[in-house]
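Only one structure is covered here, and it is reproduced in the block below.
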C-alpha cells in the first residue's frame with residue numbers, strides 16, 4: 001500500500017502546495033514556482049492570506065480545495081505540519097513532500113516527539129512521505145518538481161535515480177550534471193526519512209521502468225540491514241552505486257589525532273555494501289560517473305582492456321589508470337596485430353594502447369581500428385580517448401564505429417573539446433549508449449565500475 | 001643566449017608561417033589561422049604556390065620575406081625542415097616552432113640522424129626551438145598562438161604556465177580550462193625537445209613575470225637530473241606542480257601480470273620530483289587544479305583546517321577528504337566557539353565543520369561566521385563550500401567575507417551552481433585570489449597542494 005502511494009507521489013495528477021507565496025524569501029515561493037514550471041496537472045496553492053498566487057487561485061486551507069490532491073507539498077512552519085497532514089489524510093491524500101525542518105534533526109526538545117506523532121499518523125494511513133527537512137524531490141520523467149529548487153527541473157531526463165541523504169549533495173551534483181549533460185529519472189532528498197527511507201526507495205525503483213541505475217548517497221541509517229537487504233534484492237535487476245560519507249570520526253573532541261582515525265563504521269559499511277551488491281564510489285564525481293556508465297552500458301565480464309587514443313599521451317594516462325584500478329591491458333591476438341600493422345602507419349603505436357595520431361584526419365581508418373580492436377576475442381572492454389585538435393572541420397569523431405564497438409564490448413569514452421564544437425557528437429554517442437567523460441581517468445574508473453558490477457553479478 | 005632567444009620566441013614582433021595554406025586538411029592552414037587570430041605584429045605566410053593566403057601576401061621562401069622574422073613556425077614536410085631552418089638562421093631568425101613530425105620519435109631509419117643534424121645547426125646559432133613533433137605553443141599574455149589549434153587562444157589569460165611533453169594532454173586540459181575558467185600565461189608542447197626541454201623552460205619561467213605557477217606533464221626525459229636541478233632552483237621562487245605519466249610498465253609482452261607491476265621508474269621519478277621541490281599531482285584534474293591554487297594562494301603552513309559549508313553534507317564530504325589526504329580538522333578556540341554559539345541558531349552545527357544551513361539566507365551572518373573562523377589562531381587553512389539552492393535571488397554568496405578570509409589564511413572554495421547563475425561571483429572571487437572548484441573533494445585536495453608547497457618551502 002505504501003509503495004502504491006509512493007507511485008502516486010512520483011506520478012500525481014493534482015498537487016497542493018501549502019505555504020505557497022510570492023515572497024521570494026520563503027521556501028514556499030520557490031516550491032510553487034518549481035511545481036508551476038514542471039507540472040502539467042492541477043495545482044492548488046494553499047495560503048490563508050492570499051486569493052491568488054502567481055495567477056493561480058489560492059485556497060485558505062486543505063478542506064477548501066475542490067478535489068483531493070494526489071500529492072501535498074508542505075512548506076509551512078513546523079508547528080502547523082501535523083494538523084495540516086491530518087486534514088489531507090482525512091480528505092484522502094496519501095502522498096506528501098514535507099520540506100519544513102525542525103523535527104528530530106534539531107536540537108529542540110520536542111523534535112523527536114513530533115517526528116514520532118507524525119510518523120504514527122501517516123503510517124496509519126499507509127501514506128508515503130518524503131521528508132521532513134528536505135529540499136523535496138523531482139521526477140524528470142513524469143514531470144513534477146516537488147522541491148524548493150526550480151533549477152532541478154532543468155536537468156536532462158535520463159535513467160539515473162539519485163537518492164540522497166543530503167540535500168546539499170544533490171544541489172552540488174545537479175549543476176555538475178547540468179554541465180556534463182548527465183540525465184536523471186528522479187532526484188530525491190530523503191531528509192529525515194519519516195517513512196520513506198533507502199529500503200522503500202530501493203524497492204520502488206526496482207520496478208521503476210524509467211530507472212536503469214540507482215545512485216545512493218548515504219550518511220548513516222538506523223537500520224543498515226534493511227537497506228543492505230534491499231540492495232541485495234535490487235542489484236541483480238539494476239545496478240546500485242553507493243557513496244558512504246562519514247569516513248572519519250569527527251567527534252568534537254580535543255583528542256582528534258594528527259592523522260585522523262578511520263572510523264571502523266565506514267569500513268564496515270563499505271564492505272557490507274559491497275557484500276550486498278553495491279558498486280562503491282569514493283567521491284561525488286565517481287558516484288555520478290559510475291551511475292552514468294551503469295545506466296548506459298552492460299556489466300564488464302573480464303579485466304582485459306583495450307585503450308585507443310587519438311594521441312599517445314592520453315593512451316598513457318588511460319593505461320596507467322587501468323592498471324592502477326586493477327584492470328589490465330589486453331594482449332591483442334596476432335590477427336589484430338597484423339591488421340593494425342596493415343592499416344596504421346609506422347609513426348604510430350600499433351599495439352595496446354593504440355595511437356591514432358597519424359591517421360587522425362581519416363575517421364574511416366580510425367573507425368576501422370576501433371572496430372578491429374572491438375572484435376578481438378582477447379579484449380573484454382574498451383576505453384576510447386578523443387580530444388579536439390587542429391580544428392573542428394579537420395578532425396571528425398568516428399561516432400558510428402564507437403557505437404558499433406560499444407555494441408560488442410563494454411566501452412567508455414573520454415571526449416573533450418572546447419564548448420559547443422562536438423556537443424552533437426557527444427549527444428549522439430550518449431543516446432546510443434556510449435558514456436562520455438571529460439578525462440581519461442574518470443572514463444577508465446567508470447569502466448572499472450562496470451567491471452565491479454560484472455563481478456557482483458557473476459557471484460550469483 | 002638561448003634563453004634570450006626563448007624570450008623572443010614568446011614575444012615576437014614578426015612571425016613567418018612556413019607551410020601556410022588555405023587547405024583545411026593541412027596543419028599549415030590551422031597554424032596560419034592561429035597566428036592571424038592572436039598576433040598583432042607582422043605576419044609572413046610562406047608558400048611557393050600561392051600569392052595570398054587568407055588575404056595576406058605570401059612569400060615563396062624565407063629569403064623573399066622583406067625583414068628578418070623574429071619567429072618562424074614550420075608546418076612543412078620533414079624533408080624540407082633542415083634547409084628551411086638554415087635559411088632562416090642565415091637571415092638572423094633565432095626562434096622556431098617546428099610542428100612537423102617524423103624525427104627521432106618515428107620508426108624511420110634517419111629520424112634520429114636528422115634530429116642530431118638539426119640540433120647541431122640550431123645550437124651553433126643559439127637558436128631556441130619548440131618541437132619538432134608538437135602542436136606548438138601559445139603565449140596568452142604576449143598574444144601569440146604559434147600552434148595548429150586556433151582554440152588554444154580562447155583560453156583565459158592567467159598565471160599558470162603549462163609545459164607538457166604531450167600535445168594531447170594540453171588539448172585535453174585546454175577544454176577543461178575553458179569550461180572551468182582557468183587561466184594560463186603559456187601553454188607549451190615540448191614535442192621532441194630538440195633544444196628546449198624542461199630545464200630550459202623552468203629556467204625561463206623562473207623569470208617570467210606573467211607566470212605564478214608552473215605545471216609540468218612529464219612522460220620521461222633523458223637527463224632527469226637536469227630537470228630536477230632546475231626544479232630545485234625554481235621552486236623557492238615559484239611553485240612547480242608535476243604529473244608523471246608512465247606509472248606502470250606497458251611493455252608489450254605476454255608476461256604482464258594480472259595486477260600490473262608498478263614501474264620502479266615511476267616511484268623513483270616521483271620521489272625525486274618531491275625531493276627536488278615539486279608538488280605531485282596524480283591526475284590531470286589535480287595537475288590543473290593544484291596549479292590554479294598555487295598561482296592564486298599562498299603556501300599553507302600548518303595542517304589545521306576549518307571547513308565551512310552551506311549544507312552539512314558538503315561539510316561532511318570535505319571533512320572526510322581533509323583527513324583522507326592528511327590534513328586535520330582544526331579544534332576551534334573557546335572564543336570562536338562562543339561567538340559561533342552567539343550568532344548561529346541551534347539547528348546548525350556550530351563547530352568544525354561549520355554548517356551555515358539555517359542562516360543561508362543571511363549573507364551577512366554567513367560572512368561573519370567565515371571571518372570569525374578565519375581569525376581563529378588554531379586555524380591554518382580554510383575550505384568554504386557553497387552550493388546553489390532555492391533560487392539565485394534568495395541565496396547570496398558572501399564574496400567579500402570569503403575574500404577577506406582568504407587574505408588571512410590560505411583558502412579554497414567549492415562553489416557550484418547551474419550555468420550562469422553565479423558566474424560573476426566566481427569571477428570576483430578568483431580575481432581576488434580565491435580559487436573556486438566544482439567539488440569539495442578537489443577543493444580540499446587543492447588546499448593540500450598548498451600545504452605540500454608550504455612543507456617544501458619550510459625545509460629550507
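Read-outs: derived from the displayed coordinates by stated rules, not from any lab. Since the structure is predicted, the reported quantities are computational estimates derived from the model, not experimental observations. In this analysis, Cβ positions are derived from the backbone assuming ideal geometry, glycine residues included, and neighbour counts consider all displayed protein chains.
Tabulated results
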| quantity | calculated |
| --- | --- |
| Nearest-ten-degree value, helix A:81-91 long axis tilted from longest Cα axis of chain A | 90 |
| For region A:320-369, alpha-carbon Rg and Dmax in angstrom | 12.1, 33 |
| Cα-based radius of gyration of the protein assembly as shown once divided by 2.2 N^0.38 Å, which approximates compact folds | 1.00 |
| Semi-axis lengths (Å, descending) of the ellipsoid that matches the C-alpha gyration tensor of region B:197-240 | 17, 10, 9 |
| Percentage relative contact order, region B:1-151, counting C-alpha pairs under 8 Å, at least six apart | 29 |
| Ranked list, fewest to most other Cβ atoms within 10 Å of each Cβ, for A:439, B:149 | A:439, B:149 |
| Cα Rg, Dmax, chain B, angstrom units | 25.0, 80 |
| Exposure proxy order (Cβ contacts within 10 Å, fewest to most) of B:430, A:13 | A:13, B:430 |
| Surface/4 estimate of mean projected area, convex hull on alpha-carbon atoms of region A:287-350, nm² | 5.7 |
| Convex hull of Cα atoms in region A:392-460, direction-averaged projection (nm²) | 5.1 |
| Cα-only Debye scattering, region B:1-151: base-10 log of I(q)/I(0) at q = 0.17 Å⁻¹ | -0.90 |
| CD proxy at 222 nm, helix term only [per DSSP H run n ≥ 4: -39500 (n - 2.57); per residue of chain B; nearest 500] | -12000 deg cm²/dmol |
| 5 Å-binned pair-distance histogram of region B:7-58 (Cα, whole percent) | 5, 22, 33, 23, 11, 5, 0 |
| Using a 7 Å Cα-to-Cβ projection, residue A:237 label spacings across copies, nm, ascending | 6.6 |
| With Cα atoms, 0 to 90° folded angle of helix B:111-124 axis to chain B main axis | 90 |
| Identity and axial distance of the chain B residue whose Cβ lies nearest the axis relating B to A, Å | B:179, 4 |
| Part-to-part distance (alpha-carbon centres) for region A:338-407 and region A:52-71, which is given in Å | 60 |
| Per-selection Rg to Rh, region B:155-296 - Cα, Kirkwood hydrodynamic radius | 0.98 |
| Mean Cα-pair separation over length for region B:298-458, i.e. relative contact order, pairs under 8 Å, 6 or more apart, % | 29 |
| Peptides ranked, highest mean first, by Cβ atoms within 10 Å: ranges A:56-68, B:69-81, A:165-177 | A:165-177, B:69-81, A:56-68 |
| Chain B, relative contact order [Cα under 8 Å, separation at least 6], % | 11 |
| Angle in degrees between helix A:440-459 and the longest Cα principal axis of chain A, rounded to the nearest 10 | 80 |
| Residue order, fewest to most beta carbons within 10 Å, for B:384, B:241, B:270, A:354 | B:270, A:354, B:241, B:384 |
| Separation between Cα centres of region A:141-174 and region A:272-322, rounded to whole Å | 24 |
| Relative frequency of Cα-Cα separations exceeding 22 Å in region A:298-458, percent | 33 |
